[in-house]
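Computed from the coordinates by the stated procedures, all read-outs in this text should not be read as laboratory data. All figures in this text were calculated on a predicted structure; none of them were measured in a lab. Here Cβ is always computed from backbone atoms with ideal geometry, including for glycine, and neighbour counts include all displayed protein chains.
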């Protein structure tokens, strides 16, 4: 389909070129520069600010000459400078003329530079502790945004509690009565302040502290007056946290500095209380250690009291990505989290402005907008989950009971035989008791499969030749590959075959296919059972007679191999686990492995394809065409939904008009279907249990499959045949804690191919996620919250299995502490962990 479009474009370009050559433009050579426009013609900025000018050379008729060089000069370089691109920087107060020159012709702009703006005010001393009637002189210093001292500002002084302390126009403080007051200096609308304490003469009073900086966990000494000689009678707090007093006199206290709730280097508030009377003092304090991590490595924090990143001050430009991750296995688990950054300089970092349109609160897009492959997946997972839940607690023996021979459809059945089968009524959870009888005809029989068509299917559905083609494809390609990789299905009915039933009932349920778990049980206990290995799939329906809508024959035949490959994997793991007496898996295990089966089949059917090849967008999208279909596209696409993509229409991640869901991916989960308590903000979240889970299993297979005895396929066979379920089964399979596995996988979704020198576990070797991301709209990309090393606070909720992503970076970093706490400020539940990777 691509070739006609290319030819049409080339033809259009040829006609345009021919027209240009034939008509000409009447020119006889390059036009001279007649004028130079400078835009804007006048600018005003403050010293320390930068803005840009644009210079445009024009010919005598006013046409822009875009191929001419422009040079820039400043008439007063001490006031305003200009670089080669026209960027103007204000240096000092005054005016300057900026000139743009092209071929000797000038244009200019007038620049007015205002005095530097006051950005902050520092008031000293920081400790104001005086007696009633005493005085103390304060000093104020104004700084610009770059922390340069400004010499011109005039300050207005004030007190918020004049009954305690007053301050005159020169900054002289007078103590009035015992109590606390805030004293402030203001200039140009900016204020700075200190806290003042007017102390009771008989109250404890701190006069000095050693060492020069308090260090968490280290000893310190307070010197002053009116302390109690009995250590336990003195209550000492630092920033409100109780400190241990080990020794005391009436003028000295020996203390141990407590942990200060993840604060950077800062001015700590020290308080001493003796029999109800208190004295306060400000003194520098810092953490005992700082966070250290090599570029490309991960640190995993798993003790809630230690969820604190202490970054020491540095001039180096550093960058870290971190995730606050729920390791709860329940999709209904929702942890409320606060991420708070506290910088030594106290500069507040504004949240970066939104550059994407914000989507409305989560509501699933209309079903008709979903592409067929995604639509049937979401509904199939929902139907299987509800059915399995109804069967999960049904009493059954340790191993599969023998089913009464002969099989409902014996292995020696012939084409044309009429059969009666039972299809689950998916309007009900209990499919043992609720089913629909189908009258069908055997259409094709092979060594491993039997094909049956519903006699009530649309008349323009599959032909005899189509059934033969599907049957041969199943026998030679699909069955052989999937059983080689995942193992053989159990043969409960002894016919040696899997029965595939093409029925309009699947269309009416608006799915692509389904493997009813009821078929695992004997009819004596589950009347809806067909007592064997069956799956049901949709029928071609060109005129849209049934609820799935029009499905052309070409579309049906095109997607059939992927659906068959997917459902066959369900047959394999459901039947093998049931036969061994193992518990049913959860939805994410079922659908994740079956979706992996589609990828495995795509590898097998296309020469040269396989895991670990770092496939980018061209392979995923199959453009240009290099395979029989885009086998991996519908595995990748749910990741975009997980990352917050809300498509406008058509579910094309390259098309404009999309919006970005808020709080994705952390408010979404891949552990269950929507009715299984999977709420959250993601669009069409029913597909997450397929694609997102597939990415976890693909990551797991990439990293642990090559060294697993027997390789990747043996690893998946072992998983199927193991007795455990859920996260515990994954831990037992690869011998690693699920906390570490989830952390490395989650980090790889953002870091893969983005940073050189990464720990290999932080990559997804089979796919180039950065290349894939670069080919889709920004709304479909995983976008961490970008922050600087400065003050910020973010409240969020994290659902089971998911991470909230943050990217913090910057040079000239002040001492900065980032803490992760509960919504009330306490420690988080142990089901939440924090992973950190240094990327620069």
- Query: Within the chain, what percent of beta bridges assigned by DSSP are antiparallel, to the nearest 5?
  - Reply: 85
- Message: Which of rounded, prolate or oblate describes the stretch 765-828 when judged by the alpha-carbon gyration tensor and an a/c cut-off of 1.5?
- Response: oblate
- Query: Put a dot 7 Å past each Cα toward the Cβ at residue 122 and residue 64; how far apart are the dots in nm?
  - Reply: 4.7
- Here the residues of the stretch 762-777 lying in the modelled label zone of residue 756, meaning backbone nitrogen under 17 Å from a point 7 Å along Cα-to-Cβ, are 770-771
- Query: How far is helix 372-392 tilted off the main Cα axis of the chain, in degrees rounded to 10, range 0 to 90?
  - Reply: 80
- Dividing the mean separation of Cα pairs under 8 Å (6+ apart) by the residue count of the chain yields a relative contact order in percent of 15
- Relative contact order as a percentage, the stretch 120-198, C-alpha pairs under 8 Å and 6+ apart, gives 37
- Message: To test your reading of the geometry: what angle, between 0 and 90 degrees and rounded to tens, separates the Cα axis of helix 688-704 from the longest principal axis of the chain?
- Response: 80
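Based on other C-beta atoms within 10 Å, arrange 740, 531 from fewest to most.
Ordered by Cβ neighbours within 10 Å, fewest first: 740, 531.
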- Place a label point 7 angstrom from the Cα of residue 607 along the Cα-to-Cβ direction, then list the residues of the stretch 469-512 whose backbone nitrogen is under 17 Å away. 477
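Once fully extended, how much extra length lies between residue 233 and residue 648, figured as 0.36 nm per residue of separation less the alpha-carbon to alpha-carbon distance? The partial results should precede the final answer.
Working: separation 415, 0.36 × 415 = 149.40 nm, distance 6.78 nm.
Value of the extension gain: 142.6 nm.
Determine, from the Cβ-Cβ distance of residue 336 and residue 774 and an R0 of 30 Å, the FRET efficiency 1/(1 + (r/R0)^6), rounded to the nearest 0.05.
With R0 = 30 Å, the Cβ-Cβ based efficiency is 0.30.
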- Note on the structure: Dividing the helical contributions, -39500 (n - 2.57) per DSSP H run of n ≥ 4, by the residues of the chain yields a 222 nm value, nearest 500 deg cm²/dmol, of -7000 deg cm²/dmol
- Item | Alpha carbon convex hull of the chain, volume per residue in cubic angstrom | 221
- Note on the structure: The simple spin-label model distance between residue 50 and residue 446, using points 7 Å out along Cα→Cβ, in nm, is 6.6
- Task: Quote the FRET efficiency, to the nearest 0.05, computed for residue 713 versus residue 583 with a Förster distance R0 of 25 Å and r equal to the Cβ-Cβ distance.
- Result: 0.60
- Message: Let me make sure I get this right: for the stretch 585-705, a, b and c are the square roots of the gyration tensor eigenvalues over alpha carbons, sorted descending. Under 1.5 in a/c it's rounded, otherwise prolate if a/b > b/c, else oblate. Which is it?
- Response: oblate
- Query: Once the Cβ-Cβ distance between residue 809 and residue 207 is put in as r, and R0 is 45 Å, what FRET efficiency do you end up with, to the nearest 0.05?
  - Reply: 0.60
- Message: How would 779, 731 line up from fewest to most surrounding beta-carbon atoms within 10 angstrom?
- Response: 731, 779
- How far is helix 738-751 tilted, in degrees, relative to the longest principal axis of the Cα atoms in the chain, given as a value from 0 to 90 rounded to the nearest 10? 80
- Query: residue 275 versus residue 794, label points 7 Å from Cα toward the beta carbon: distance in nm?
  - Reply: 5.2
- Task: Counting only C-alpha contacts under 8 Å and six or more residues apart, can you give the relative contact order of the stretch 35-114 as a whole percent?
- Result: 38
- Query: Arranged from highest to lowest average of other beta-carbon atoms within 10 Å per residue, in what order do the peptides 641-650, 189-198, 512-521 appear?
  - Reply: 512-521, 641-650, 189-198
